[in-house]
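Step one of this worksheet: look at the structure below.
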Amino acid sequence: MRPSVTVSITIFLSLVVGLCYGKSYDNYKVYQIKPIQEDDLQVLIPWTEKENVDFWDTGAEPRVMINPAQQKDFEDFLQSNNLPFTILIDNVQETVDRERKEQKAYWASRSITPRHTDDFLHFWSYDEINTFVRRVATDHPQYVTLLTLGESFEGREILGVKITAPGDDSQRPIIYVDATIHAREWAAPMVAVYLIHELSEHSTDHLSVLQNVVWIIQPLVNPDGYVYTSAEEGDRFWRKTRTTNENPECPGVDANRNYDHYWANGQSASVCTLTYAGTGPFSVVESQIVRNVVLANQERMKLYVSTHSYGQLFMYPFSSHRNVFPENFRFQHEAGDVFAAALLNVNQTPYRVGNGAGILGVSSGTSKDWTYSGPGIPLSYTLELPGGGSNGFDLPASQIEGVITETFAGLRAIAEFVVDRYYPLSDN
């Protein structure tokens, strides 16, 4: 990898200290439910609305984290409803400790003196990501423009980049990739920074998607939550923003339920739930910033991808209702297949392509549903990366490079699809 990120003693110390404490998940278990028929999962809906019950995913074989006090009730419920299950993780805290140990071992092996690196061998901190984004814009001004998009609820700077080849870009379609709307999904920003790395550091290898495309890339939609997941008194599995709510004991909003497409449809009203949708559409600044980027570029924006983990899914609208598809769903499925096929060719990692409600479950107020139905972005997706399986929520740091390189291949392929269909814009 070529040089890039300056690492200071301050960042080193904050990372090591920040990985030492936080909410304990001792004896929490993760259950994987394996129904005989997918419709059998409907009986789980009341559990999705319970506080302190965490559905890590809601696909055909959902994985659910349960605290010790509720485990017997949950197991009894599953057995009484004839829902087979396995215990995927017997003690979640052990996976958190292992992840922290890996991060600390990485930093211990590094020289503390400042140097540059683009090593993708650990999960980057907020400071590392912003330092990298600024440095890339400084080092490659002919291709990269720094975007100061706003500030988070807690006042953290939210940055992005615009990347395109020199020259008149007015006829180039725009692709917008964001990441980390859900704080705990540490793999997501790694995809975004690797995308920036490849397009800027190795621009001559990717001229076909730089001369004919404008990329807008935002690695951290929710920096407050992201920082909190590794903070000294934080919570590794924090999902929401850090917005203050009416109930001070339950801060945060699920920003991916905060968009103006069937906002709060079927959602629990409790502010303490993981998927609390806020007080209204775009009630949090983090979703407002994404909205503003889209609306400022909607005439030329042809592809939007919101990066999440996990599930190995590439989903187009709609998630808000079952059996409701966008008018251009065949076109969106075709483009999704291009993404999945290119990704598969790298490491043989399979992805499912389909509409969100059909392959993951119903959820309202999501970004991709809004970008398609509101501003009319024709290709709008949620990307769910691979997860950690029995190793924890996210993949081990040793697997980062494999995931980000294969995902880049998929994103480059779908960008070529966009070029084929939309460049130059005057012809469309």
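List of remarks:
- The lone exception for S320 - which of (1) open to solvent by 50 Å² or more (accessible area, probe 1.4 Å); (2) closer than 15 Å to D369 by Cα it fails: (1)
- The condition of being in contact (Cβ under 8 Å) with a residue 40 or more places away in the chain, in contact with a Lys or Arg (Cβ under 6 Å, 6 or more places away or on another chain) and open to solvent by less than 10 Å² (accessible area, probe 1.4 Å) holds for only one of G392, G365, G356, G336, that being G365.
- When I196 is tested against the conditions (1) over 30 Å from Y276 (Cβ atoms); (2) open to solvent by less than 10 Å² (accessible area, probe 1.4 Å); (3) outside any helix (DSSP H, G or I), the lone failure is (3).
Per-residue answers, yes or no, for (1) open to solvent by 10 Å² or more (accessible area, probe 1.4 Å); (2) outside any helix (DSSP H, G or I); (3) touching a residue at least 12 places away in the same chain (Cβ under 8 Å); (4) not aliphatic (A, V, I, L, M):
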| residue | (1), (2), (3), (4) |
| --- | --- |
| T204 | yes, no, no, yes |
| D224 | no, no, yes, yes |
| V227 | yes, no, yes, no |
| D235 | yes, yes, yes, yes |
| T241 | no, yes, yes, yes |
| N265 | yes, yes, yes, yes |
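- Count - residues of the stretch 31-44 that are part of a helix (DSSP H, G or I) and surrounded by 12 or more Cβ atoms within 10 Å (Cβ to Cβ): 4
- Only a single item in (1) open to solvent by less than 20 Å² (accessible area, probe 1.4 Å); (2) farther than 18 Å from L379 by Cα; (3) assigned to a helix (DSSP H, G or I) is not met by G278, and it is number (3).
- Exclusive hit being in contact (Cβ under 8 Å) with a residue 12 or more places away in the chain and under 17 Å from the mean Cα position of the chain (by Cα), set T349, T382: T382
- Every test in (1) modelled with pLDDT of 90 or more; (2) in contact with a helix residue (DSSP H, G or I) (Cβ under 8 Å, 6 or more places away or on another chain); (3) farther than 23 Å from S364 by Cα; (4) surrounded by 16 or more Cβ atoms within 10 Å (Cβ to Cβ) is passed by D26 save one, and that test is (4).
- Residue match in the stretch 294-309 (condition: crowded, with 18+ Cβ neighbours inside 10 Å, at negative phi and out of contact with any strand residue (DSSP E or B) (no Cβ under 9 Å at 6 or more places or on another chain)): no
- Taking residues in the stretch 45-65 that are over 18 Å from Y310 (Cβ atoms), and partners anywhere that are open to solvent by less than 80 Å² (accessible area, probe 1.4 Å) and of a type in the set (V, I, T), the pairs with Cβ atoms closer than 6 Å and at least 6 places apart or on different chains are W47/V53.
- Qualifying residue in the stretch 341-349 (condition: over 30 Å from W263 (Cα atoms), in contact with a Gly (Cβ under 7 Å, 6 or more places away or on another chain) and small (G, A, S)): yes
- Pick from the stretch 45-65, criterion of a type in the set (V, I, T) and either in a strand (DSSP E or B) or in contact with a helix residue (DSSP H, G or I) (Cβ under 7 Å, 6 or more places away or on another chain) (or both), ranking: farthest from P251 (Cα to Cα): V64
- Only one of the listed residues (E154, E198) is over 23 Å from T407 (Cβ atoms), out of contact with any strand residue (DSSP E or B) (no Cβ under 6 Å at 6 or more places or on another chain) and modelled with pLDDT of 95 or more. That residue is E154.
- Among residues of the stretch 243-263, those that are open to solvent by less than 30 Å² (accessible area, probe 1.4 Å) and over 21 Å from the mean Cα position of the chain (by Cα), counted: 2
The values are calculated or read from the model by the stated rules, or taken from the named source; none is laboratory data. Predicted model, so just to flag it, every value in this text is computed and none were measured. Virtual Cβ from ideal backbone geometry, glycine too; neighbours counted across all protein chains shown. Please note that ligands, DNA and RNA were not included when accessible areas were found on the heavy atoms of the full protein model with its side chains. Shrake-Rupley method; radii C 1.70, N 1.55, O 1.52, S 1.80 Å.
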